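Following: one structure in structure tokens, then a few remarks.
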Amino acid sequence: MTFERLQDPTAPVRIVLVGAGLMGRNWLTTLTGSRDVVVAGIVDLDIDLAEAARADFGLAGAVVGADLLGVARAARAQAVINVTVPRAHLPINTEALFAGLPVLCEKPIAPTVSEALVAAATAEAAGQLLMTSQNRRYYNSLASYRDALGEIGELALLTTEYAKEAHFPGFREQMPHPLLVDMAIHAFDVARYVLRLDPVSVWCETYNPGWSWFDGDTIANAVFEFESGVRYRYTGTWTTRGLLTSWNGVWRASGSHGTATWDGERDVEVERANAEAALPGTGSSVVVSRGFSTPMRDDAPEEIAGSLADFIDALRTGRVPESEVHSNVRSFAMVEAAVRSADTGKRVRIDSVLDEGYTAALDAPLPDEVRAVLVSWGTARAGLDAVPAPAS
Ligand SMILES: NC(=O)c1ccc[n+]([C@@H]2O[C@H](COP(=O)([O-])OP(=O)(O)OC[C@H]3O[C@@H](n4cnc5c(N)ncnc54)[C@H](O)[C@@H]3O)[C@@H](O)[C@H]2O)c1
């Protein structure tokens, strides 16, 4: 798939932000600090919120309204950043893409795999870039951790321990699986990023402790099998008290020649061991080196500034960015598969989630050109594989 590039690759890109809630305001902090973009419009169903954001961020020139296309036209927008609630993602993305506007959309790309597949087909039909902002891919220390995994031989096991006390009044407290659907997507996506592999199946259990302030399950234990047989184990909680981990969790990878850890913030540690030089009488490998042989990365923008930089660069150069929608569907499929496993007690194959999503997508009412793209795929897998993930 190819998408339209910006005609002038040096001028600041005129952005309309849709959704002026909690995360929309975080985005405005990043957007107003960037030289690559101009906030030309702010859209929210709640116009008071959009107007308050315009005033608070000193954006007197920005057009405000509740109607995306009207604001985009008046603002001479070139791209949209969608920070609305998940159920509004697909309708807004569709409206923007068919109006010729590329979109950077907050995670999760859609509430279901079926809608996520429709989103990918819509981007193809419109010939525009749709990218998910998986902002937790963008940490210099994580990029270094990914390098480190290349230094410890054949991988067998990757784990994440994630523990937070999360107080988010609003839609998350009513979701049936708030931790899996709203948060674990980040870790699942990072597992794909560092392993450079796709997931095959998952077994997952979830539950909610008696003291939880959420309606849905806030503790999850999931084990994914990836291509090559490596297993990824995720243990997460949003209702822990004390000794919290970082928002990224704590990571550990075991390989044939060593172990690499990431504290989820700054520290990457690597210990390489040589099994052939076992200690006499013990059978234990000898540690041959500690520390990371590749220089730590430290120069790229992080978190949502990283997503934004990747999006803008892709618009200017035409290269496929991280988390372009086709690739991102597979991270979201990990969530849906984990939820299904938790609900049924059975191991769930990622391909079966994609296949069922594809069938449901074809059963839904769709614009003719989107249906035609979906039909041309033949299977979800073929459609997703047709757009290669970035080689970085
Ligand atoms: N990446 C991260 O770290 C991170 C953190 C928090 C939230 N998020 C994501 O950001 C998104 C928004 O979360 P939030 O916490 O800001 O939610 P929120 O409820 O605070 O804000 C959402 C805003 O969208 C507006 N909205 C809803 N439907 C709309 C529509 N059709 N048109 C225009 N505006 C509409 C609402 O009025 C509201 O102001 C979610 O997808 C969430 O998962 C990501």
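The values are calculated or read from the model by the stated rules, or taken from the named source; none is laboratory data. What you see is a predicted model, and the numbers here were worked out from it, not measured in a lab. Ideal geometry is used to build each Cβ from the backbone, glycine not excepted, and the neighbour counts take in all protein chains shown. All accessible areas refer to the heavy atoms of the entire protein, side chains included, with ligands and DNA or RNA removed. Shrake-Rupley method; radii C 1.70, N 1.55, O 1.52, S 1.80 Å.
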Compute the projected area of the convex hull of the Cα atoms of the chain, averaged over all viewing directions, and report it in nm² to one decimal place. 20.9
Length-normalised contact order for the chain - Cα pairs under 8 Å, 6+ apart - percent: 19
In whole Å, what three semi-axes, largest first, describe the equivalent ellipsoid of the stretch 1-131 built from its Cα gyration tensor (square root of 5 times each eigenvalue)? 22, 18, 12
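Over the chain, with the other protein chains present, what is the accessible area per residue in square angstrom, probe 1.4 angstrom?
Working: 16640 Å² over 392 residues.
Spelled out: the 1.4 Å probe surface of the chain, per residue, equals 42 Å².
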Dimensionless Rg over Rh [the stretch 140-290; C-alpha; Kirkwood]: 1.04
Cα→Cβ-extended label distance, 7 Å offset, between VAL375 and GLU4, nm: 2.6
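Give the shape of the stretch 210-269 as rounded, prolate or oblate, defined through the alpha-carbon gyration tensor: a ≥ b ≥ c are the square roots of its eigenvalues, a/c under 1.5 means rounded, and otherwise the shape is prolate if a/b is larger than b/c and oblate if not. Don't skip to the answer; put the middle values down first.
Numbers: a/c = 3.68, a/b = 1.55, b/c = 2.38.
Oblate, since a/c reaches 1.5 and b/c is not below a/b.
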Fully extended, how many nm does the chain gain between ALA386 and VAL200 (0.36 nm per residue separation, minus their Cα-Cα distance)? 65.1 nm
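Roughly speaking, what is the stretch gain from LEU157 to TYR207, that is 0.36 nm per residue apart minus the C-alpha to C-alpha distance, in nm to one decimal?
Working: separation 50, 0.36 × 50 = 18.00 nm, distance 2.41 nm.
The LEU157-TYR207 span can extend by a further 15.6 nm.
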Reduced to Cα centres, the span from the stretch 221-252 to the stretch 120-171 in Å works out to 13
Which value, in Å² rounded to 10, gives the accessible area of TRP262 with a 1.4 Å probe and all protein chains present? 0
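What percentage of the solvent-accessible surface of the stretch 140-290, computed with a 1.4 Å probe over protein heavy atoms, is contributed by carbon and sulfur atoms?
Values: 3450 of 6620 Å².
Ligands and nucleic acids excluded, carbon and sulfur give 52 percent.
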Mind ranking 378-386, 87-95 by how tightly packed they are, going by the mean number of other C-beta atoms within 10 angstrom, highest first? 87-95, 378-386
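For the chain, what are the DSSP H helices with axial Cα length of 18 Å or more and mean Kyte-Doolittle hydropathy of at least 1.0? Could you put the intermediate results ahead of the total?
Working: long enough: 86-98 (19 Å, -0.01); 113-126 (20 Å, 1.16); 303-317 (21 Å, 0.53); 325-344 (28 Å, 0.14); 350-363 (20 Å, 0.19).
Membrane-span-like by this criterion, though nothing is claimed about a membrane: 113-126.
Could you check what % of the DSSP bridge pairs in the chain are antiparallel, to the nearest 5? All intermediate terms of the calculation are to be shown ahead of the outcome.
Numbers: 39 of 66 bridges.
That works out to approximately 60 percent antiparallel.
If a/c stays under 1.5 just call it rounded; otherwise compare a/b with b/c (prolate if a/b is bigger, oblate if not). Do that for the stretch 51-97, with a ≥ b ≥ c from the square roots of the Cα gyration tensor eigenvalues.
Details: a/c = 2.41, a/b = 1.46, b/c = 1.65.
Verdict is oblate for the stretch 51-97.
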Let me check something: with ligands and nucleic acids excluded, how do GLU324, GLU161, GLU115 order by accessible area (1.4 Å probe), largest to smallest? GLU161, GLU115, GLU324
With a Förster radius of 25 Å, plug the Cβ-Cβ distance of THR235 and GLU356 into 1/(1 + (r/R0)^6) and report the FRET value to the nearest 0.05. 0.40
With runs of 4+ DSSP H residues as the only contributors, calculate the mean residue ellipticity of the chain at 222 nm using -39,500 (n - 2.57) per run, divided by the residue total and rounded to the nearest 500. -11000 deg cm²/dmol
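If you take the square roots of the eigenvalues of the alpha-carbon gyration tensor of the stretch 95-184 and sort them as a ≥ b ≥ c, do you get rounded (a/c under 1.5), prolate (a/b over b/c) or oblate? Write out the running numbers ahead of the final one.
Details: a/c = 2.30, a/b = 1.30, b/c = 1.76.
Oblate, since a/c reaches 1.5 and b/c is not below a/b.
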Sort the following peptides by mean Cβ neighbour count (other Cβ atoms within 10 Å, averaged over residues), highest first: 342-348, 76-82, 19-25. 76-82, 19-25, 342-348
Once all protein chains are kept in place, LEU362 shows an accessible area at probe 1.4 Å, nearest 10 Å², of 50
